[in-house]
Each structure stands twice: as C-alpha cells, then as structure tokens.
1. Once you order the gyration tensor axes a ≥ b ≥ c over the Cα atoms, which shape class does the range 369-437 get: rounded for a/c under 1.5, otherwise prolate or oblate by comparing a/b with b/c?
2. T78 to N248: FRET efficiency via 1/(1 + (r/R0)^6), r the Cβ-Cβ distance, R0 45 Å, to the nearest 0.05?
3. Considering only protein heavy atoms and a probe of 1.4 Å, how much of the accessible area of the chain is carbon and sulfur, as a whole percent?
4. Considering only protein heavy atoms, with the full assembly of protein chains and a 1.4 angstrom probe, order Y143, Y320 by accessible area, largest first.
5. Please list, ordered by chain and number, the residues whose modelled amide H lies under 5 Å from the amide H of S324; skip anything fewer than 5 residues away on the same chain.
6. Just need the relative contact order of the range 97-183 here, percent rounded to a whole number, with Cα pairs under 8 Å and 6+ apart.
7. How would you classify the range 81-141 from its alpha-carbon gyration tensor, with a ≥ b ≥ c the square roots of the eigenvalues: rounded for a/c under 1.5, else prolate if a/b is greater than b/c, otherwise oblate?
8. Computed FRET efficiency, Cβ-Cβ of T369 and N61, R0 45 Å: what is it to the nearest 0.05?
Amino acid sequence: MTMGMKLASFVFMLTIVLLEPKLNVHGQSISIPKLILNYMFPKDPHIVRVRKPEDIRTTINNVTTLNFFGMVEKYGYTAEEHYVTTEDGYNLVIHRITGSPLFKGQQTGKVVFLQTGLFGTSDCWVLIGAGKDLAFLLADKGYDVWLGNVRGSSYCRSHVKLSPRNKEFWQFSYHEVGIIDLPAMIDYVLDYTKQKNLHFVGISMGTTVLFTLLSIKPEYNAKIKLAVCLAPIAFWTEVSPMMQSGINMVRSITNLQEILDFTEIFEVLPLTSTNIMLGRTLCADNTITQVICVASVFLASGANPSQLNTTLFPEILSNYPAGSSVQTLFHYNQNIITKKFQAYDYGYIGNYKHYKQATPITYDVEKITAPVAIFYGGNDLLALKSTVFELYKRLPNVVLLEEQKSFTHLDFIIAINVNTLVYSRVIELFQEFDNKA
C-alpha cells in the first residue's frame with residue numbers, strides 16, 4: 001500500500017472514530033450508521049432536476065439539482081434529449097450536444113458516443129465545465145457528441161411494464177447493458193445521423209459493456225471507427241489489497257444476496273435528494289467532514305492529491321453516484337473470484353434458461369477487431385496495470401497503450417489536468433483516424 005493510501009485509510013478511520021455518533025445536518029440530528037445505510041440503499045430518490053442554476057436549492061424539504069440541459073446551457077452550449085426503448089422494455093435517455101459557442105463553422109458530421117462507467121450518467125461528461133470536460137472539448141472541434149445512459153441510472157428508471165420498486169426491474173447486470181442497451185443506443189444514433197460508424201469513448205464499466213457487445217455481437221465492430229478505453233475493466237487477474245479487504249468483508253456475510261432480497265434491496269447508490277444534500281453539506285470546503293469525502297475517494301479509486309479539486313465535491317456529488325443494480329456488483333464479484341471475463345452465473349438451471357448452456361458465456365475479446373486505444377492510470381486501484389496488460393495481450397487491434405502514471409480510476413473524469421493530459425490526446429487520435437478515412 002502506498003504512503004498516500006495509508007494516510008487516506010488513517011484519516012478515514014480516525015475521522016469516523018472522532019466524530020460524534022450523530023451529525024447535525026441543517027438542524028436535524030442524524031445517526032451516522034443510519035446515514036451510511038440510507039446513503040447506499042435509499043428507498044426513494046425524491047430528486048428534482050431543474051434547468052436554471054438559480055433554481056438550485058439545498059434544504060431539508062427542497063433539494064434540486066441541474067439536469068443535463070442546465071449543465072451545458074450555463075456555458076452557452078445547446079443540447080437535445082432522445083429516447084430509446086430496448087427490446088426488453090427499458091426506456092433509455094440519450095443526450096446530444098448540438099452546438100458550441102466556440103465553434104462557428106460547419107459541423108464535421110463525425111459522431112462521438114460517450115459512455116460513462118458504473119453509477120454514472122451523461123452528467124459525468126459535463127461535470128467540471130467548458131474547456132475541461134471531454135464532451136465540451138469535442139463539441140468545440142465540431143464533433144457531433146452523443147452521451148449514453150443505461151438502465152437503472154437516474155435518467156433511466158423507467159420501463160414499459162415494470163416499476164423500479166419491482167425486483168424484476170433490477171434483474172440485470174453489465175451483460176444486459178452490453179448486449180441490449182449499448183447496441184440499441186448505437187443503432188439509434190447511427191440511424192438518426194445517417195452515419196455508418198462512430199467514435200466511442202468509454203470509462204470503466206463503459207468499456208466493460210463495449211467489450212461485452214463486440215465479443216458477443218462481433219458485427220458491431222464495423223460500427224466502431226475507434227474505441228477509446230479509459231481505465232478499462234475486463235479481466236480481474238489481480239485486485240488491490242484495499243479492494244481485496246472489501247471483498248473479504250462482503251464474503252464474510254453469510255447469505256448476503258438472500259438478505260438483500262429479503263429486505264428488498266435491489267439497487268445501490270442511486271442519486272437522491274438526501275445524498276445530494278449530504279454531499280453539499282458534508283463535503284464542502286471548510287467543513288470538518290470534507291476529509292472523509294477525500295479519504296473515501298482515495299480508498300475507492302486511488303490517491304492523487306495534486307489532481308483532486310476538492311472544491312468541486314458538492315457539484316460532483318449532486319450528480320454522482322446515480323445508481324445501478326445490486327446484481328451488477330455481484331457480477332463483477334463473480335468475475336473477480338473466477339478470474340474470468342464471463343456472463344453472470346445464475347447457477348446450473350438458471351444458466352440454461354439464460355444462455356442455453358450449463359455455464360456462463362465467456363466473452364472472447366479476441367473477436368474484437370475494432371481499433372482500440374487504451375489509457376490507464378498508474379495509481380488506479382480498480383483497473384490495475386496487470387489487468388490492463390492482460391486485456392492488451394488479448395485484444396487483436398490495440399493502436400495505443402498509454403499510461404498516466406499518477407492517475408487514479410476517477411481521474412479520467414475529474415482530474416484537474418485531464419483535459420491536457422488525456423483529452424487532447426483523444427481528440428488528436430480521432431482527427432488522425434478521420435483524416436485517414
């Protein structure tokens with residue numbers, strides 16, 4: 001464990017010990033254990049999205065946050081919202097940036113599709129602001145920027161028959177996102193724009209679902225002009241000591257999945273009014289509790305203090321995390337245990353029902369012929385260098401493998417200098433590929 005991680009662990013534990021068992025939030029006394037449980041597994045989002053910055057509120061009975069339109073329009077960009085219903089009934093929302101105040105010429109017509117990772121939404125690509133976020137930078141260059149959202153996230157809690165209160169709504173993992181949601185969105189975008197292919201950028205689970213799609217439905221390789229994979233997740237040949245400790249703790253809980261089912265917990269870390277209020281209150285500058293927020297980020301994704309702008313915590317936590325299914329986490333845990341990149345294991349009978357075979361489907365990444373550029377972080381606690389290299393060895397058409405030595409998992413979205421260190425390189429790659437066409 002690095003010195004930075006040791007310090008983060010120490011600070012996190014010390015703060016928890018020193019804090020009173022209850023916190024006072026806007027005059028209301030809240031139990032810390034109850035607060036943590038409600039944060040991870042709240043029953044109702046009660047989230048109100050607004051379009052104008054002046055309508056943002058943070059009170060016990062009135063918490064609002066900007067929607068995607070508000071996040072881009074405050075910088076002078078224009079946007080659209082598009083809707084796709086999947087073959088199994090989930091209603092998805094795709095966002096599109098249609099105009100930049102810095103680009104006055106004819107749009108290139110080149111499409112870029114951005115897919116965020118676990119617990120993320122399209123908001124994650126416009127969190128920091130103009131001149132910083134990849135979505136804005138691409139629009140400034142005249143690209144047609146589309147941003148995907150997947151089932152279970154805050155923009156996609158809708159189904160033609162099911163309610164998010166139903167267990168059946170949450171019976172999915174990254175497998176269904178990869179073979180159903182992602183191709184549905186790609187097909188919609190290509191059909192709408194009358195293009196044959198597009199550039200793809202994914203981070204974390206956004207890369208997992210791409211690898212799933214391209215290995216199970218290899219015909220989609222032709223629709224990807226270039227896939228840029230940031231902090232890619234596929235093989236778990238190794239996990240960090242911190243992550244292994246967390247996994248061991250979860251495994252020590254007997255019948256955890258049955259307990260969660262009995263308590264009707266099928267969703268984890270959704271975006272809620274309570275979570276937004278807590279993020280703005282406890283993680284703001286000049287608060288004694290901000291150190292917990294910093295330590296939590298370092299423990300979860302890696303430590304890189306020089307690239308972390310703590311002032312942005314309230315803004316980030318007003319949009320992230322935005323929810324996913326418990327089954328998605330169990331799916332990743334299965335992959336970690338088996339050290340295989342494969343579909344969710346439902347057991348012998350369940351596998352026959354879902355896959356027509358006794359064992360889960362294995363994702364054969366050697367079928368991925370689309371060109372892939374990989375960017376990874378040297379301080380990433382989730383996508384370790386050894387796991388990235390394992391992926392690199394198996395992919396047949398990697399055009400770039402580049403390390404950012406200090407970067408953590410989240411740095412590819414929130415690092416102070418991610419625009420100059422990574423995004424400028426991504427845009428250069430797109431331009432190179434476009435010039436070859």
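1. oblate
2. 0.35
3. Its accessible area is 57 percent carbon and sulfur atoms.
4. Greatest to least solvent exposure: Y320, Y143.
5. Those lying under 5 Å, H to H, from S324 are V268.
6. This gives 29 percent for the range 97-183.
7. oblate
8. Once rounded, the FRET efficiency stands at 0.25.
The values are calculated or read from the model by the stated rules, or taken from the named source; none is laboratory data. This is a predicted model, so every value here is computed, not measured. Methodologically, a virtual Cβ is constructed for each residue, glycine included, from the backbone with ideal geometry; neighbour enumeration extends over all protein chains shown. Ligands, DNA and RNA are excluded from the accessible area calculation, which covers all protein heavy atoms including side chains. Shrake-Rupley method; radii C 1.70, N 1.55, O 1.52, S 1.80 Å.
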